[in-house]
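Before any comments, here is the structure.
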Amino acid sequence: MFSLDNVQIILVGITHPGNIGAAARAMKTMGLSQLRLVQPKHFPSAEATARATGADDVLVNAQVFDTFEESLKDCHLIVGTSTRQRTIAWPVLTPKACAEKASECAGRVAIVFGREQYGLTNQELELCNYLVQIPTNPTFSSLNVAAAVQILAYELRISNEALKLENVNSSLPAPASAEAIAQFYQHLEQTLIDIEVLDPQNPRQLMRHLHRLFNRVQLFDSEVSLLRGILTAAQARRKT
Ligand code: SAH
């Protein structure tokens, strides 16, 4: 059953500690408490605590990670926030639709926010099931990162309350974790190399397209096992 404690807010590469504090405050006002920081420039920091104004418990409990992949491992639905589309278009949700998807997920959900200077990289976005764009003035579309956290946190709160009223309980299992999906992609890539579909010297955008395909589907563990069985069989055929 969904609860706001299932939601991890992940901030990647934040340079201004004040933004971390403001994000913690934005989270706490909406009932969110789970904060993860990937390579923050300064943390812990007096400035972050000052800007949190009473939400310092969120900062004290924040987990710090060296890599984005590590911060996602135990998450089952990953949503990246972005002001713009990239070369290969990814499925985009509104904040409201994102909150609805999150509340349908039986597992841990990550909502990811990027650096003040340049947001999230293409490789980071590739690990996301969806992107969220907050509708804005097209000629001035970039919010302060803590303001973006506030909007997503608000929508999550509204969705969670609606869910409680409706008393809905999905019987679907959680999608596979990011860790299981990362292992599946490694297996898929190796198999494609083995069967000479993928040329490691000239990979083009094949894996990126496959990431988009499977991220959109949100495989269950049983489906990952099924596909990996097929990959293993293809590898074995190749070797004989
Ligand atoms: N110049 C950067 C924007 C950085 S803003 C870029 O072009 O990507 C810092 C972060 O705030 C973003 O990575 C994103 O997580 C969030 N953010 C800001 N504006 C947003 C918007 N309109 N929609 C979704 N996320 C937004």
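Springs between alpha-carbon pairs under 10 angstrom, Gaussian network model over the chain: which of 150, 63, 186 fluctuates most?
With Cα springs under 10 Å in the chain, the top fluctuation among 150, 63, 186 is at 186.
Please compute the per residue accessible area over the chain with all protein chains in place, 1.4 Å probe, rounded to a whole number of Å².
The answer is 52 Å² per residue.
Accessible area of segment 84-161 with a 1.4 Å probe: how many percent of it is carbon plus sulfur?
C and S fraction of accessible area: 53 percent.
Please check which bits of segment 51-77 a label hung off residue 182 would reach, taking the label as a point 7 Å along Cα-to-C-beta and the cut-off as backbone N under 17 Å.
63-77
Rounded to a whole number, what % of the accessible area of segment 178-239 do carbon and sulfur atoms account for, probe 1.4 Å? Don't jump to the answer; show the numbers that get you there.
Details: 2110 of 3950 Å².
About 53 percent, which is the carbon plus sulfur part of the accessible surface.
Given a 1.4 Å probe and heavy atoms of the protein chains only, how would you sort 67, 81, 191, largest accessible area at the top? Before the final figure, lay out the partial values.
Working: 67 60, 81 25, 191 0 Å².
Descending accessible area places them as 67, 81, 191.
Express in nm, to one decimal, how much length is gained between residue 122 and residue 15 on full extension, taking 0.36 nm for each residue of separation and deducting their alpha carbon distance.
36.6 nm
Taking the Cα centre as origin and putting +1 on Lys and Arg beta-carbons and -1 on Asp and Glu beta-carbons, what dipole magnitude results for the chain, to the nearest 20 debye?
Computed charge dipole of the chain: roughly 420 debye.
Quick one: 3J(HN,Hα) in Hz for segment 7-14, Karplus 6.51/-1.76/1.60 with θ = phi - 60°, rounded, Gly and Pro as x.
Rounded to whole hertz, the list is 8, 9, 8, 10, 9, 9, x, 6.
Going down the list 73/164; 28/164; 41/101; 41/96, which pairs span over 26 Å between their C-alpha atoms?
Check vs 26 Å cut-off fails for 73/164; 41/101; 41/96.
To the nearest 500 deg cm²/dmol, what mean residue ellipticity at 222 nm is calculated for the chain from DSSP H runs of n ≥ 4 alone, each contributing -39,500 (n - 2.57), summed and divided by the residues?
After summing the helix terms and dividing by residue count, I get -14500 deg cm²/dmol.
Is segment 106-240 best put as rounded, prolate or oblate by its Cα gyration tensor, with a ≥ b ≥ c the root eigenvalues, rounded for a/c under 1.5, and otherwise prolate when a/b is larger than b/c, oblate when not? Numbers along the way, then the final one.
Values: a/c = 3.70, a/b = 1.53, b/c = 2.41.
Because a/c hits 1.5 or more and a/b fails to exceed b/c, segment 106-240 counts as oblate.
For the chain, set up a Gaussian network in which alpha carbons nearer than 10 Å are linked by springs, and say which option among 137, 160, 215 fluctuates the most.
137
The values are calculated or read from the model by the stated rules, or taken from the named source; none is laboratory data. Since the structure is predicted, the reported quantities are computational estimates derived from the model, not experimental observations. Because the Cβ atoms are built from the backbone with ideal geometry, glycine has one as well, and the counts that use them run over all protein chains shown. What goes into the accessible areas is simple: the full protein's heavy atoms, side chains included, and nothing from ligands, DNA or RNA. Shrake-Rupley method; radii C 1.70, N 1.55, O 1.52, S 1.80 Å.
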